[in-house]
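K.L.:
Have a look at this one before I ask anything.
The values are calculated or read from the model by the stated rules, or taken from the named source; none is laboratory data. Predicted, not measured: the structure shown is a model, and the values here were computed from it. With ideal geometry, Cβ positions are generated from the backbone for all residues, glycine too; neighbour counts draw on all protein chains shown.
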Amino acid sequence: MQRRELLRSLLAGGSLAAIGACTSLPSSPKAGRVIVVGGGYGGATAAKYLRLFSDRTLDVVLIEPQASFISSPLSNRVIGGQLQLSELTVSYDGLRHEHGVHVLRDRVTGIAVDRQVISLASGKVLRYDKLVLAPGIEPMLDTIPGLAEGHATGRILQAWSAGAETVALRRQLEAMPDGGVVVITIPEAPYRCPPAPYERASLVAAYCKQFKPRSKVLVLDANQDVIAMGTLFKKAWSELYPGLLEYRNHYVLTGVDATSLTAHFDVADDVRADVLNVMAPVRAGRLAVESGLATINQRWCEVDFLTFESTLGANVHIVGDSIHSAPMMPKSGFMANAHAKVAAAAIAAQLSGQSVNAAPKLANTCYSFVSQSEAIHSAAVYGYVAEAKTFKPIQGAGGVSPARSTLEAQYADAWAHNIWADMLA
Amino acid sequence: MIRGTWLAVAVLLCASIVRNASGAEEPNAVAPLSAMAVRSLAATCAGCHGTDGHVVKGSKVPGIAGLSQDYFAMQMSAYRAGKIPSTVMQQIAKGYDERETAALGAYFAAQR
């Protein structure tokens with residue numbers, strides 16, 4: 001609450017008289033204006049589907065500081081050396097030119113929910129009828145002593161979100177001598193993309209097997225066991241990387257030393273690494289936390305699942321990894337894309353005076369590579385359950401791969417290109 | 001190649017038994033789906049099959065825009081019954097009941 005007051009007063013310093021006048025946006029769109037903050041899987045999908053579901057009547061603004069979209073799904077293949085980051089990068093031009101979304105390369109500095117305005121780093125102040133926040137996640141570097149300093153110098157990388165850090169982690173692996181030790185630490189769930197750390201470990205092991213076979217990949221997991229597709233991952237590891245990849249559970253990281261690249265744990269002995277990839281605990285993106293919307297353990301945002309509207313702020317909808325997920329609902333790019341469509345349909349209905357769909361559904365398929373040529377999946381379909389006010393997995397639907405396969409690796413690649421088009425083209 | 005196989009399987013399954021998916025509670029189980037509800041439902045397919053069923057060029061995942069309504073319903077029914085070999089569709093198809101499948105079939109048949 002105090003934070004929101006602060007943001008409101010910050011905003012009061014700006015010139016509210018400049019609303020509409022300081023940009024080229026239409027000053028009073030007839031059907032309404034929706035501002036989407038964040039151009040990842042959730043935000044980009046929301047922007048496009050708000051235009052589709054309103055039959056292009058809503059004025060849609062997307063605020064994103066990055067010049068282009070970069071996919072975190074598939075980015076473990078950049079770390080493994082199979083893809084370049086440029087192959088996971090997609091322009092926002094499709095949203096601009098095909099769908100008439102106003103894409104502003106900017107950053108939000110304040111939200112005044114009572115006046116329905118946001119302020120931007122550029123000095124612009126924009127009014128909205130509906131606000132959609134898709135801020136993703138932020139690693140909580142301060143929760144691990146030594147990590148913030150180690151991260152600042154580039155010695156200890158986390159690479160939760162695809163970008164420069166993904167490439168830097170790849171460089172560290174390339175520079176490591178044969179016989180080196182790669183340590184990947186995994187935080188307690190929930191975190192972004194449950195299978196992601198295990199996929200990363202698999203692809204680092206695949207790289208080492210081919211180019212640095214005397215090396216070792218240590219996967220040190222704070223959880224009791226592999227939390228996604230465990231049987232499939234463990235089978236792949238024992239068959240493909242025996243003696244190379246070693247998995248240990250109950251490894252809760254308590255500190256790091258960036259100089260010696262040593263990791264400390266609550267019970268287990270210290271572990272020294274040649275490449276230390278600390279996948280730190282994460283929480284909702286900075287904007288959600290600083291605006292006071294992340295009320296669940298100060299980490300996640302609570303939403304009404306029928307509309308994805310925040311339970312705190314009227315006319316503020318939140319989608320993607322930053323929400324407090326429904327039971328058995330992973331934080332994934334695919335799920336963010338699905339959230340955004342439900343939110344977009346609800347917003348289009350609300351702003352045109354129609355009733356909101358009372359029984360929305362979500363689908364999710366997460367592909368994970370276990371080697372350079374083979375992948376596995378986990379899938380589910382969710383239905384909204386009115387009595388429980390949440391989504392629940394539909395009994396009997398969903399499941400995991402019977403076995404890893406090259407066919408699923410091809411599907412994984414096709415999935416990525418189709419969902420990027422679904423968001424951005 | 002894949003499409004050819006599917007068609008062959010579909011012909012064999014013309015008289016196959018359709019059964020309900022064991023779905024979550026649906027408050028409006030008998031009411032017809034609204035146009036927006038159908039668009040929203042179709043959007044749950046788009047994450048893999050592209051917006052309105054249009055995939056990118058050369059996609060290994062098949063496009064579903066323009067399939068006939070009957071063919072779509074027959075395929076979904078066969079996936080639900082486990083009669084078509086698949087990786088993920090046997091699992092996903094069970095999340096949609098017959099009424100939804102019929103609505104989806106009509107929606108995708110209308111996409112060009």
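K.L.:
So if I check each of B:ALA106, B:ALA73, which one is assigned to a helix (DSSP H, G or I), touching a Ser or Thr at 6+ places or on another chain (Cβ under 6 Å) and away from chain A (no Cβ under 14 Å)?
P.N.:
B:ALA73
K.L.:
Does at least one position in the range A:340-349 carry a residue that is out of contact with any helix residue (DSSP H, G or I) (no Cβ under 8 Å at 6 or more places or on another chain) and under 24 Å from A:VAL37 (Cα atoms)?
P.N.:
Within the range A:340-349, one or more residues are out of contact with any helix residue (DSSP H, G or I) (no Cβ under 8 Å at 6 or more places or on another chain) and under 24 Å from A:VAL37 (Cα atoms).
K.L.:
Further question: Tell me which strands (runs of 3 or more DSSP E) are completely within the range A:91-192 and hold 3 or more residues being among the acidic types (Asp, Glu), or say none if there are none.
P.N.:
In the range A:91-192, no matching strands (runs of 3 or more DSSP E) lie anywhere.
K.L.:
Quick check, is A:ILE318 farther than 30 Å from A:VAL204 by Cβ, touching a Cys at 6+ places or on another chain (Cβ under 7 Å) and more than 10 Å from chain B (Cβ to nearest Cβ)?
P.N.:
Values: farther than 30 Å from A:VAL204 by Cβ: yes; touching a Cys at 6+ places or on another chain (Cβ under 7 Å): yes; more than 10 Å from chain B (Cβ to nearest Cβ): yes.
Considered against the rule, which asks whether it is farther than 30 Å from A:VAL204 by Cβ, touching a Cys at 6+ places or on another chain (Cβ under 7 Å) and more than 10 Å from chain B (Cβ to nearest Cβ), A:ILE318 comes out as yes.
K.L.:
Out of the residues in the range A:358-372 meeting the condition of being under 19 Å from A:GLY42 (Cβ atoms) and without any contact (Cβ under 8 Å) to a residue 40 or more places away in the chain, tell me which one is surrounded by the fewest Cβ atoms within 10 Å (Cβ to Cβ).
P.N.:
A:ASN364
K.L.:
If you go through the range A:373-425 one residue at a time, how many are among the hydroxyl-bearing types (Ser, Thr, Tyr), farther than 28 Å from A:ALA47 by Cβ and touching a Leu at 6+ places or on another chain (Cβ under 8 Å)?
P.N.:
1
K.L.:
Scan the range A:114-137 for residues that are surrounded by 21 or more Cβ atoms within 10 Å (Cβ to Cβ) and touching a helix residue (DSSP H, G or I) at 6+ places or on another chain (Cβ under 7 Å) and report the count.
P.N.:
Residues that pass the stated criteria total 7.
K.L.:
On to the next question. For a quick check of your reading of the model, give me the residue pairs whose first member lies in the range A:378-399 and is outside the structural domain of A:MET328 (by TED's automatic domain parsing), whose second is in a strand (DSSP E or B) and polar (S, T, N, Q), with beta-carbon atoms closer than 6 Å and at least 6 apart or on different chains.
P.N.:
A:ALA379/A:THR365; A:ALA380/A:ASN364
K.L.:
Out of the residues in the range A:375-425 that are of a type in the set (Ser, Thr, Tyr) and either at the interface with chain B (Cβ under 7 Å from one of its Cβ atoms) or not in a helix (DSSP H, G or I) (or both), state the one that is nearest to the chain's Cα centre (by Cα). Show your work before the answer.
P.N.:
Residues of the range A:375-425 that are of a type in the set (Ser, Thr, Tyr), as a first pass: A:378, A:382, A:384, A:390, A:401, A:405-406, A:411.
Imposing the further condition that a residue be either at the interface with chain B (Cβ under 7 Å from one of its Cβ atoms) or not in a helix (DSSP H, G or I) (or both) reduces the set to A:378, A:382, A:384, A:390, A:401, A:405, A:411.
Values: A:SER378: 17, A:TYR382: 19, A:TYR384: 22, A:THR390: 21, A:SER401: 23, A:SER405: 26, A:TYR411: 21 Å.
Filtering first and then ranking leaves A:SER378.
K.L.:
For the range A:351-374, give me the residue count where each residue is touching a Ser or Thr at 6+ places or on another chain (Cβ under 7 Å), of a type in the set (A, V, I, L, M), more than 7 Å from chain B (Cβ to nearest Cβ) and closer than 24 Å to A:VAL132 by Cβ.
P.N.:
Residues meeting the conditions: 1.
Yes/no per residue for (1) β-branched (Val, Ile, Thr); (2) assigned to a helix (DSSP H, G or I); (3) under 30 Å from A:ALA67 (Cα atoms):
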| position | (1), (2), (3) |
| --- | --- |
| A:PRO213 | no, no, no |
| A:VAL217 | yes, no, no |
| A:THR231 | yes, yes, no |
| A:GLY243 | no, no, no |
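K.L.:
Within the range A:14-24, does at least one residue satisfy the condition of being farther than 30 Å from A:CYS366 by Cα, modelled with pLDDT of 95 or more, in a loop (DSSP other than H, G, I, E, B) and of a type in the set (A, V, I, L, M, F, W, C)? Show your work before the answer.
P.N.:
Step one: list which residues in the range A:14-24 are farther than 30 Å from A:CYS366 by Cα, which gives A:14-24.
Filter once more, so that each one left must be modelled with pLDDT of 95 or more: none.
No: zero hits.
K.L.:
Working only within the range A:66-90, note down all residues that are outside any loop (DSSP other than H, G, I, E, B), without any contact (Cβ under 8 Å) to a residue 40 or more places away in the chain and in contact with a Leu (Cβ under 9 Å, 6 or more places away or on another chain).
P.N.:
A:GLU87
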